[in-house]
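**Q** This is the structure I have questions about; it appears just below.
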Amino acid sequence: MTSSKGEKPRHLGRGLESLLGPMPSAPVAPEAPTDSATQPSNLPPDSGRDKALRQIALDSVSPNPYQARTVWNEEDLLELTESIRANGIIQPIVVRPVQGRYQIIAGERRYRAAGEAGLTEIPALVREVTDEQLFEWSLVENIHRRDLNAIERAKAYQRYVNAFSLTQAQAAERLGEDRSVIANYLRLLDLPDEIRRMLIEGRLSMGHARAILGLPTDDLRRKLANRALAGRLSVREVERLVRAYLAQESSPAKKAKEKPSNIVDLEHRLKRHFGTPVAIETRRNGRSGRIIIDFASLDEFERITDSLGLVCPEDA
């Protein structure tokens, strides 16, 4: 879907309403039956009239095959179901006719809640659209929803970019987004599956994930993600740990001299014991030095002092 020469690229940043026009909000009564002889035999009645608002049978509707959402909030869905039972459906869903049935373009939550509420019909705005338009409109509608989790939104951006062979800058222009927004979401797809699951479940924020992506390997990313969960670390604390690790890895001292294997082994044992990074630095004579035990929060500090059998003065 490219613009002709000289034509200004269209912006989809206002969401689906910018494509479909104003959405009717008043409940609609069933239309009188029409003469089926005037309708194409492979389409539902009246499907040829663009923007036709009508009541359609719920069991004639199929979900959108391009739906970006994979996680449905059961509490929100139950709340919407109760609202529909009490007040009916105020805003119609948007569908297209396909082989004697209807396929959802927008409004799958309302469709699901209507079924849970026991409705047999649902108000719908019927549009004639191509497969390509359905794909694009579905992605646009989902991308602009604020309740998508970060991974769902990242996958929606990825499908949008791939489907229309766009650069990130072109996708940003068409969606009315900052290019950095799309780039940051797409980077989340480089995370290991375990960390993606933490994001989907809301146990880690996108800020945590972006900081963790600064580490060079998946193994380090998993370890820091688990540590962030266990220690209830803030985004800033995670960012500080990443910066400290990267600074340590690039320090001239480390590059100039590798630690003896027995010191490295002892560091690993202490790290397992305390559950936090431990560094042993020896002086040139090899007979003195220091042990550095890292902590990222007061909770971690208290846990370490407890494991050492120490009591803070105010607790004495």
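Matching residues to (1) closer than 29 Å to residue 78 by Cβ; (2) more than 13 Å from the chain's Cα centre (by Cα); (3) modelled with pLDDT of 90 or more:
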| site | (1), (2), (3) |
| --- | --- |
| 111 | yes, yes, no |
| 124 | yes, yes, yes |
| 136 | no, yes, no |
| 144 | yes, no, no |
| 148 | yes, no, no |
| 156 | yes, no, no |
| 160 | no, yes, no |
| 164 | no, yes, no |
| 175 | no, yes, no |
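**Q** Taking residue 246 as the residue in question, decide whether it is surrounded by 14 or more Cβ atoms within 10 Å (Cβ to Cβ) and either in contact with a Cys (Cβ under 6 Å, 6 or more places away or on another chain) or hydrophobic (A, V, I, L, M, F, W, C) (or both).
**A** So residue 246 does not fit the description; no.
**Q** Restricting to region 123-165, name every residue that is of a type in the set (Val, Ile, Thr) and not in a helix (DSSP H, G or I).
**A** The answer is 126, 129, 130.
**Q** If you go through region 184-199, how many residues are in contact (Cβ under 8 Å) with a residue 12 or more places away in the chain and closer than 21 Å to residue 219 by Cβ?
**A** Number of matching residues: 11.
**Q** Let me ask something else. Report every pair of residues separated by at least 6 positions or lying on different chains whose Cβ atoms are under 8 Å apart, first residue within region 163-183 and in contact (Cβ under 8 Å) with a residue 60 or more places away in the chain and within 20 Å of residue 138 (Cβ to Cβ), second charged (D, E, K, R) and in a loop (DSSP other than H, G, I, E, B).
**A** So the pair list comes out as 174/10; 176/14.
**Q** Could I ask something else about it? Pairs under 7 Å by beta carbon, first residue without any contact (Cβ under 8 Å) to a residue 40 or more places away in the chain in region 227-242, partner surrounded by fewer than 19 Cβ atoms within 10 Å (Cβ to Cβ), six or more apart or different chains?
**A** 229/203; 235/205; 235/207; 242/214
**Q** Next up: Looking only at region 173-188, decide whether some residue is over 24 Å from residue 135 (Cβ atoms) and part of a helix (DSSP H, G or I).
**A** yes
**Q** Would you say residue 110 is assigned by TED's automatic domain parsing to the domain that holds residue 52, of a type in the set (D, E, K, R) and farther than 25 Å from residue 209 by Cβ?
**A** yes
Conditions (1) surrounded by fewer than 17 Cβ atoms within 10 Å (Cβ to Cβ); (2) on the phi > 0 side of the Ramachandran plot; (3) in contact with a helix residue (DSSP H, G or I) (Cβ under 8 Å, 6 or more places away or on another chain), marked per residue:
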| residue | (1), (2), (3) |
| --- | --- |
| 79 | yes, no, no |
| 85 | yes, no, no |
| 107 | no, yes, no |
| 115 | yes, no, yes |
| 120 | yes, no, yes |
| 126 | no, no, no |
| 129 | no, no, yes |
| 164 | yes, no, yes |
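Matching residues to (1) closer than 30 Å to residue 304 by Cα; (2) within 21 Å of the chain's Cα centre (by Cα); (3) in a loop (DSSP other than H, G, I, E, B):
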{"residue": "171", "(1), (2), (3)": "no, yes, no"}
{"residue": "195", "(1), (2), (3)": "yes, yes, no"}
{"residue": "210", "(1), (2), (3)": "yes, yes, no"}
{"residue": "240", "(1), (2), (3)": "yes, no, no"}
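**Q** Specify the residue that is nearest to residue 140 (Cα to Cα); the eligible residues are those in region 92-102 that are out of contact with any helix residue (DSSP H, G or I) (no Cβ under 7 Å at 6 or more places or on another chain) and surrounded by fewer than 23 Cβ atoms within 10 Å (Cβ to Cβ).
**A** Here the answer is 98.
**Q** Tally up the residues in region 212-231 that are polar (S, T, N, Q) and either within 18 Å of the chain's Cα centre (by Cα) or modelled with pLDDT under 90 (or both), please.
**A** 0
The values are calculated or read from the model by the stated rules, or taken from the named source; none is laboratory data. Everything numeric here is computed off the predicted structure, so don't read it as measured data. FYI the Cβ positions are ideal-geometry reconstructions off the backbone, even for glycines, and counts take in every protein chain you see.
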